[in-house]
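Asker: Okay, here's the structure, questions in a sec.
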2 protein chains.
Amino acid sequence: MTAPLKIAIAGLGTVGTATVKLLTTHGERIARRGGRPLVITAVSARDRRRDRGVSLEGMVWYDDPVAMARTADADVVVELIGGSGEPARAVCEAAMARGRHVVTANKALLAHHGLALARAAEAAGVTLAFEAAVASGIPIIKTLREGLAANRLDRIYGILNGTCNYILTTMRESGRDFADVLGEAQSLGYAEADPSFDVDGIDTAHKLALLASLAFGTVVDVDSVYVEGIRHVSALDIGYANELGYRIKLLGIARRTAQGIEQRVHPAMVACTTAIAAVDGVFNAVVAEGDYVGRSVHEGRGAGGGPTASAVVADLIDIAAGRSAPTFGVPALALAPPGGAGMAQRRGAFYVRLMVVDKPGVFADVATALRDEQVSMESILQRRRDPGEIVPVVMTLHDTEEQAMAHALEKIGRLAAVVEPPCLIRIENL
Amino acid sequence: MTAPLKIAIAGLGTVGTATVKLLTTHGERIARRGGRPLVITAVSARDRRRDRGVSLEGMVWYDDPVAMARTADADVVVELIGGSGEPARAVCEAAMARGRHVVTANKALLAHHGLALARAAEAAGVTLAFEAAVASGIPIIKTLREGLAANRLDRIYGILNGTCNYILTTMRESGRDFADVLGEAQSLGYAEADPSFDVDGIDTAHKLALLASLAFGTVVDVDSVYVEGIRHVSALDIGYANELGYRIKLLGIARRTAQGIEQRVHPAMVACTTAIAAVDGVFNAVVAEGDYVGRSVHEGRGAGGGPTASAVVADLIDIAAGRSAPTFGVPALALAPPGGAGMAQRRGAFYVRLMVVDKPGVFADVATALRDEQVSMESILQRRRDPGEIVPVVMTLHDTEEQAMAHALEKIGRLAAVVEPPCLIRIENL
């Protein structure tokens with residue numbers, strides 16, 4: 001096992017460059033762990049002339065990543081281009097078709113084409129590994145695929161997007177509003193110019209779909225994830241959450257139910273005393289609950305060059321050492337259909353904030369709407385009194401079906417005294 | 001790969017029984033993950049007639065675990081007897097000598113004979129796996145050996161003993177003293193009749209030595225671990241810790257220094273705001289700090305039948321699937337000598353509690369002793385005034401060498417007004 005593992009890297013952005021740096025600076029350490037040297041033989045990126053601060057000497061340059069995947073002298077192709085479409089998909093497919101292993105950090109690609117790619121890997125007898133695709137500072141893919149493999153996992157949830165967590169943390173610490181903090185995050189480079197992938201929950205949904213597949217042995221099914229982002233969370237809600245003993249986090253939650261796998265992404269109020277409530281800033285965390293292991297909590301950086309390169313190279317070391325596992329933990333053919341546990345029947349507690357004209361009778365109208373849908377109130381709070389003006393009214397509701405809650409809010413939203421669409425945030429009992 | 005993996009289990013206590021139960025009830029799930037069925041062919045324990053609540057049908061019974069390891073029809077021997085001596089060691093050696101893989105939960109055995117056993121495994125071409133030996137509710141062995149393998153790790157620390165963490169948590173929550181809470185823990189079965197392995201830090205030292213070897217690629221070296229238990233931590237100290245913004249935890253800490261690997265186990269004050277401070281009760285946590293990955297935090301149950309069986313079976317699934325790694329992450333020959341970073345030169349902050357006769361001049365004498373050793377005080381606190389009576393005086397010291405601190409405390413302890421040996425607890429900057 002002393003023949004080097006030959007590696008071709010497609011994509012030399014932050015992660016690709018960090019991967020080149022890690023493989024070259026830690027070569028000896030990595031070879032000891034992998035049982036043989038890991039050598040980069042080829043690279044591909046858009047701009048050959050850009051100075052990336054790393055030497056690409058001895059690596060064959062390809063302008064076309066698909067051509068590289070097809071023809072480079074490599075045992076593994078590392079796909080760090082990103083995006084669910086081309087050329088990322090073609091790079092992976094071309095590499096596998098030629099019998100090369102694939103390591104990727106591409107959650108969008110796997111969330112949308114995971115089953116097809118896993119089948120292609122099996123047909124070719126190669127490894128398709130993606131530790132870097134989810135919470136790269138924690139080896140959560142390996143943990144679910146191997147470390148907790150003996151368990152029947154019943155629920156898995158976490159904070160999977162560092163941008164959202166940074167925004168929510170900063171909103172809480174500074175009292176500032178979403179738009180303001182987002183703007184700052186963009187100028188600091190923590191958020192993209194087009195932030196919707198992050199703040200609308202899409203990135204979290206991609207990652208959740210991958211974790212759910214690994215945890216439950218089901219076909220990855222991103223289309224059935226219920227997704228809600230954090231744009232509607234206001235400084236007001238964060239303040240009320242604190243007062244009620246909660247933190248607001250964008251969570252991805254997947255749960256085994258009698259109807260199938262329930263998958264949802266939305267802002268949630270979690271008790272301050274939980275481990276997940278304390279995960280702040282750009283950190284990610286994943287909690288897995290198994291029947292034998294109990295609760296297993298993992299926390300680390302979510303993204304960035306360093307952590308992502310660490311995850312990519314961990315996958316490469318496994319390949320060098322001859323360790324492999326099916327892409328989603330079990331052979332593609334053995335992946336169960338995910339079933340469909342829709343949101344409508346889900347039960348849970350809720351926080352609702354209304355902006356109402358402060359006048360007698362409003363509480364009675366709201367209470368009536370809730371009663372008509374058999375939604376049971378836990379508390380109601382109107383801090384400010386300001387007759388004739390618009391004031392916030394905040395309620396918490398006992399466990400209720402989503403559908404009933406939605407119907408009640410529809411009625412409440414139509415009341416004359418309610419001047420904004422009600423703001424609903426789920427309270428998650430973790 | 002459809003031939004079943006045949007397993008012989010030595011030791012049917014809590015963990016052995018849970019392992020039998022897990023393998024039999026989750027057989028189908030486990031076979032999907034392992035790529036073939038996992039079948040228990042033989043078991044060995046002391047008392048054949050004891051009802052363990054699990055069926056042993058179809059398994060060959062051995063009174064002698066070493067004979068079983070030598071002759072049973074098995075691909076793997078699971079050693080769950082425990083203890084660093086016989087018969088555990090002979091079971092592992094006999095199994096490997098016959099070309100059988102070994103899975104063990106035995107930290108004491110590996111901490112004392114890790115290198116010899118790793119060599120034996122390599123010589124025989126078999127796997128020696130021990131996920132269940134440390135913090136079984138977290139796959140931390142796999143995480144260090146594979147998941148974070150690309151990093152240069154600089155520090156690893158954690159809460160590694162659930163009994164101590166339960167005692168310290170209960171002391172804080174109830175205000176009761178050590179002896180009282182220990183007695184209760186014993187009657188509840190959370191602590192052994194002879195608790196010294198746990199409360200004197202020995203168990204934590206065993207686990208730390210294993211983690212350090214994996215993290216730093218060094219020969220496991222339990223003898224150079226500095227060990228201090230929790231018997232001297234009083235309710236008074238826990239109260240002061242709270243007041244100063246700390247929690248007291250029994251930590252195992254290993255760090256890469258210029259002199260070699262520093263390994264120490266002792267009660268430590270950690271800031272309330274750290275992730276580790278929030279780990280309460282029987283939970284364990286491990287934090288690894290790597291140059292690429294940053295801080296990676298893992299938390300889960302430390303022991304118990306369920307989590308430990310989960311870890312044992314994860315190792316078995318890896319073996320079934322043909323995944324293997326050197327025992328300590330790199331070949332035994334490549335393990336570096338651990339070097340010797342002794343405690344005397346270590347620098348850190350300290351908390352010191354003195355019991356003194358409340359009379360003028362004591363502060364001056366204490367301050368002089370500190371000054372003579374160039375120990376710099378951060379704060380001093382005497383809550384109670386009670387002239388002529390014995391009162392606690394609490395100090396925190398800026399970063400100081402252990403040796404200087406010890407000399408200063410020796411002088412302080414000899415002062416006439418100081419009526420008890422000073423209580424020292426290290427403040428850990430995490």
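Asker: Where a Cα-Cα gap under 16 Å defines reach, which aspartates and glutamates qualify for A:Lys6, not counting those fewer than 8 residues away within the same chain?
Answerer: Excluding near neighbours in sequence, the set is A:Glu28, A:Glu57, A:Asp73, A:Asp75, A:Glu79, A:Asp315, A:Asp318.
Asker: Then there is this: Once phi is turned into θ = phi - 60°, what whole-Hz ³J(HN,Hα) does the Karplus curve with 6.51, -1.76 and 1.60 give for every residue of region A:77-86, x standing for Gly and Pro?
Answerer: Calculated HN-Hα couplings, in order: 10, 9, 9, 10, 7, x, x, 7, x, 8 Hz.
Asker: Under the rule a/c < 1.5 gives rounded, and otherwise a/b versus b/c splits prolate from oblate, where does region A:187-253 land using the Cα gyration tensor?
Answerer: oblate
Asker: If you place +1 on the Cβ of every Lys and Arg, -1 on the Cβ of every Asp and Glu, and leave all else neutral, what size is the dipole of region A:347-427 about its Cα centre, to the nearest 20 Debye?
Answerer: Numbers: 10 positive and 12 negative charges, 42 e Å.
Here region A:347-427 has a charge dipole of around 200 debye.
Asker: Quick one: among B:Glu289, B:Glu389, B:Glu146, which has the greatest mean-square fluctuation in a GNM of chain B with alpha-carbon springs under 10 angstrom?
Answerer: The residue that fluctuates most here is B:Glu389.
Asker: Taking the label point as lying 7 angstrom from Cα along the Cα-to-Cβ axis, what are the distances from B:Pro331 to the corresponding position in the remaining copies, in ascending order and in nanometres?
Answerer: Result, one decimal in nm: 3.4.
Asker: Which percentage, to the nearest 5, of the DSSP beta bridges contained in chain A is antiparallel?
Answerer: Among the beta bridges of chain A, antiparallel pairing accounts for roughly 70 percent.
Asker: Under 1.5 on a/c is rounded, so check that first for the protein assembly as shown, then, if it is not, pick prolate when a/b is larger than b/c and oblate when it is not; a ≥ b ≥ c are the square roots of the alpha carbon gyration tensor eigenvalues.
Answerer: Details: a/c = 1.42, a/b = 1.03, b/c = 1.39.
Here the protein assembly as shown falls in the rounded category.
Asker: Where a Cα-Cα gap under 17 Å defines reach, which lysines qualify for B:Lys207, not counting those fewer than 8 residues away within the same chain?
Answerer: The qualifying lysines are B:Lys107, B:Lys142, B:Lys249.
Asker: What does the charge add up to near B:Thr41, with Lys and Arg as +1, Asp and Glu as -1, over the other residues with Cβ less than 13 Å from its Cβ? Could you put the intermediate results ahead of the total?
Answerer: Values: positive: B:Lys6, B:Arg100; negative: B:Glu57, B:Asp73, B:Asp75.
Overall, the nearby charge balance is -1.
Asker: Let me ask something else about it. Summing -39500 (n - 2.57) over the DSSP H runs of n ≥ 4 in chain A and dividing by its residue number, what mean residue ellipticity at 222 nm do you reach, to the nearest 500 deg cm²/dmol? The partial results should precede the final answer.
Answerer: On the way: 13 runs with 147 residues, N = 430.
The helix-only estimate for chain A comes to -10500 deg cm²/dmol at 222 nm.
Asker: Still on this structure, please answer the following. Using a label position 7 Å from Cα in the Cα→Cβ direction, what is the ascending list of nm distances from B:Gly53 to the same site in the other copies?
Answerer: 5.7
Asker: I would also like to ask the following. Show which lysines lie in cross-link reach of B:Lys359 when reach means a straight Cα distance below 26 angstrom and same-chain residues fewer than eight apart are skipped.
Answerer: B:Lys411
Asker: Summing +1 for each Lys or Arg and -1 for each Asp or Glu, what net charge is found among the other residues whose Cβ lies under 11 Å from the Cβ of A:Ala133?
Answerer: Values: positive: A:Lys107, A:Lys207; negative: A:Glu79, A:Glu131, A:Asp203, A:Asp315.
Charge balance in the 11 Å sphere: -2.
Asker: Rounded, prolate or oblate: which one fits chain A, using the alpha carbon gyration tensor with axes a ≥ b ≥ c (rounded when a/c is under 1.5, else prolate when a/b beats b/c, else oblate)?
Answerer: Numbers: a/c = 2.61, a/b = 1.97, b/c = 1.33.
In terms of gyration-tensor shape, prolate.
Asker: Next question, about the same structure. When you look at the Cβ of every residue in A:305-313, what mean number of other chain Cβ atoms sits within 10 Å? Mind showing how you got there, number by number?
Answerer: Numbers: counts 1, 6, 7, 2, 4, 11, 5, 2, 5.
Average neighbour count from other chains, rounded to a whole number: 5.
Asker: Out of the DSSP beta bridges found with both residues in the protein assembly as shown, what percent are antiparallel (nearest 5)?
Answerer: The antiparallel fraction comes to roughly 70 percent.
Asker: Another question, if that's okay. Considering only B:Val225, B:Val181, B:Val312, give the residue with the highest GNM mean-square fluctuation for chain B, with springs between Cα atoms whenever their separation is below 10 Å.
Answerer: Maximum fluctuation in the GNM of chain B, among the listed residues, is at B:Val181.
Asker: Normalising by the residue count of region B:88-147, find the relative contact order in percent from Cα pairs under 8 Å and 6+ residues apart. It would help to have the intermediate numbers written out before the result.
Answerer: Numbers: 60 pairs, mean separation 21.0, N = 60.
Dividing the mean separation by the residue count of region B:88-147 yields 35 percent.
Asker: If you filter region A:345-424 for trypsin sites (Lys or Arg not before Pro), then keep DSSP loop positions with at most 15 other Cβ within 10 Å, what is left?
Answerer: On the way: sites: A:Arg346, A:Arg347, A:Arg353, A:Arg371, A:Arg383, A:Arg384, A:Arg385, A:Lys411, A:Arg414; in loops: A:Arg346, A:Arg383, A:Arg384, A:Arg385, A:Arg414.
Answer by residue number: A:Arg383, A:Arg384, A:Arg385, A:Arg414.
Asker: Could you tell me the extents of region B:5-133's C-alpha atoms along the three principal axes, largest first, rounded to whole Å?
Answerer: Sorted largest first, the three principal extents are 35, 34, 25 Å.
Asker: Then there is this: Just to be sure I understand: with springs between alpha-carbon atoms less than 10 Å apart, which residue in A:Leu115, A:Leu370, A:Leu153 has the highest mean-square fluctuation in the Gaussian network model of chain A?
Answerer: Top of the fluctuation ranking is A:Leu370.
Asker: Same structure again: If you average the sequence gap of Cα pairs under 8 Å that are 6 or more apart and divide by the length of region A:347-427, what percent do you get for the contact order?
Answerer: Working: 156 pairs, mean separation 39.6, N = 81.
For region A:347-427, the relative contact order is 49 percent.
Asker: Taking loop as defined by DSSP and a crowding limit of 16 other beta carbons within 10 Å, which GluC sites (Glu not before Pro) in region A:34-140 fit? Don't skip to the end; give the middle numbers.
Answerer: Details: sites: A:Glu57, A:Glu79, A:Glu93, A:Glu122, A:Glu131; in loops: A:Glu57.
Answer by residue number: A:Glu57.
Asker: Shortest first, in nm, what separates the label point of B:Glu192 from those of the same position in the other copies (7 Å along Cα→Cβ)?
Answerer: 5.5
Asker: Using alpha-carbon pairs under 8 Å, 6+ residues apart, how would you state the relative contact order of chain A in percent? Before the final figure, lay out the partial values.
Answerer: Details: 936 pairs, mean separation 70.3, N = 430.
After rounding, I find 16 percent.
Asker: Taking amide H positions as placed 1.01 Å from N in the peptide plane, with prolines and chain starts having none, which residues 5 or more places from A:Ile9, or on another chain, fall under 5 Å of its amide H?
Answerer: A:Ala42, A:Val43, A:Ser44, A:Val78
Here, each number is a calculation from the coordinates, and none is a lab measurement. Computed from a prediction, not measured in an experiment: that's the story for all the values here. All Cβ positions, even for glycine, are placed from backbone atoms using ideal geometry, and neighbour counts span all protein chains on display.
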